[in-house]
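Below is one structure; the comments refer to it alone.
The values are calculated or read from the model by the stated rules, or taken from the named source; none is laboratory data. Remember, predicted model here, so these are calculated numbers, not experimental data. Note that we place each Cβ from the backbone using ideal geometry, even for glycine, and neighbour counts take in every protein chain shown.
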Amino acid sequence: MELSDLRVFRTVVEAGGVLRAADRLHRVPSNVTTRIRKLEADLGVMLFIREGRRLKISPTGRLLLDYAERLLNLADEAREALHDDRPRGTLRLGSMESTAAGRLPRPLSLFHRRHPEVAVELHTGATSPLIDQVLAGELDAALVIEPVDDPRLSTVPVFVETLVLVTAAGHPRIRAPRDVRKRTLLAFHHGCPHRQRLEEWFAQDGKPPERLIELASYHAILGCAAAGMGVALVPRSVLATFGEKARLSVHPLAGKFRTARTLLIRRQGPPSAKFRALAAALADGTSTKESSV
């Protein structure tokens, strides 16, 4: 099994067929077909289900695809680590929406000035799918909320977020879940770590929230909180991006609910030049020294 065969196999899957794959690889279709059949013969399995001229990846092929992604990405990492210390190319970065809005503008501006040969592709999402995308090789790195305990990942702490409860302006001070007037949670979909923390905070008094409203953005969450529709748990840094802060009451939390670390994650292995450059920009862009940049 050769890496070149795995690259051809992955391209056929991504392109959805031999003809499109041949065009991407700058090969004739017969050569692509031969390489796929050779790989199947070497492994002794059927990687595609053939229906006339159509190819559909088989369950065995889907299993191989995961390994192929990891092997090819590892080979690329090794090649870059050994031969190229200058950051270049495309950096696929994942981030939670709150981090992208409240924390990344200054570090990314610094990164672009330092490394103009790198194009950053920013993808936002929740922690769980971002982790999956890093593991699958779809992202080079991602910024997610702790905890992250997968041994396949390397983690670097970069930010400490202060978490607060937000409600409509005029809400009495909240010290415990029983102080919340409207026990409706305003949160992202299932899997969001801030939603999980808020649910855990409410569980302290043994009374679950009465209702949950799932929303797609922090601006929507803060807008609904300002309208008196419920309570939300957000990083304090997000409030700086909201134009109607006067309509909100902000309630600090105590103990383990007060803070959460944001981690920069990547797959285990030698860090690429792009990753090292990103980690440096994140560190410098949030330091006192760089605060005026």
_Residues of region 100-125 satisfying the condition of being more than 17 Å from D140 (Cα to Cα) and within 16 Å of the chain's Cα centre (by Cα)_ = A101, G102, R103
*Residues being β-branched (V, I, T), in contact with a Ser or Thr (Cβ under 8 Å, 6 or more places away or on another chain) and surrounded by fewer than 16 Cβ atoms within 10 Å (Cβ to Cβ) - total across region 5-37*: 0
*Residues that are charged (D, E, K, R) and either closer than 21 Å to T11 by Cα or part of a helix (DSSP H, G or I) (or both), drawn from region 59-110*: R62, D66, E69, R70, D76, E77, R79, E80, R92, E97, R106
*asked:* Among the residues that make up region 58-67, is at least one of them more than 28 Å from T127 (Cβ to Cβ) and loosely packed, with under 13 Cβ neighbours inside 10 Å?
replied: yes
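Out of all the residues in region 68-99, which are hydroxyl-bearing (S, T, Y) and without any contact (Cβ under 8 Å) to a residue 24 or more places away in the chain?
none
In contact with a Leu (Cβ under 7 Å, 6 or more places away or on another chain), in a loop (DSSP other than H, G, I, E, B), touching a residue at least 24 places away in the same chain (Cβ under 8 Å) and under 29 Å from I221 (Cα atoms): which single residue out of V158, V148, V120, V144 fits that description? Spell out how you get there, then give the answer.
Working: V158 fails: in a loop (DSSP other than H, G, I, E, B); V120 fails: in a loop (DSSP other than H, G, I, E, B); V144 fails: in a loop (DSSP other than H, G, I, E, B).
Result: V148 is the single residue among V158, V148, V120, V144 that is in contact with a Leu (Cβ under 7 Å, 6 or more places away or on another chain), in a loop (DSSP other than H, G, I, E, B), touching a residue at least 24 places away in the same chain (Cβ under 8 Å) and under 29 Å from I221 (Cα atoms).
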*Which members of region 216-255 meet the condition of being part of a loop (DSSP other than H, G, I, E, B), modelled with pLDDT under 90 and surrounded by 14 or more Cβ atoms within 10 Å (Cβ to Cβ)?*
F242
_Please verify whether P208 is assigned to a helix (DSSP H, G or I) and either out of contact with any Ser or Thr (no Cβ under 7 Å at 6 or more places or on another chain) or crowded, with 20+ Cβ neighbours inside 10 Å (or both), treating the condition exactly as stated._
no
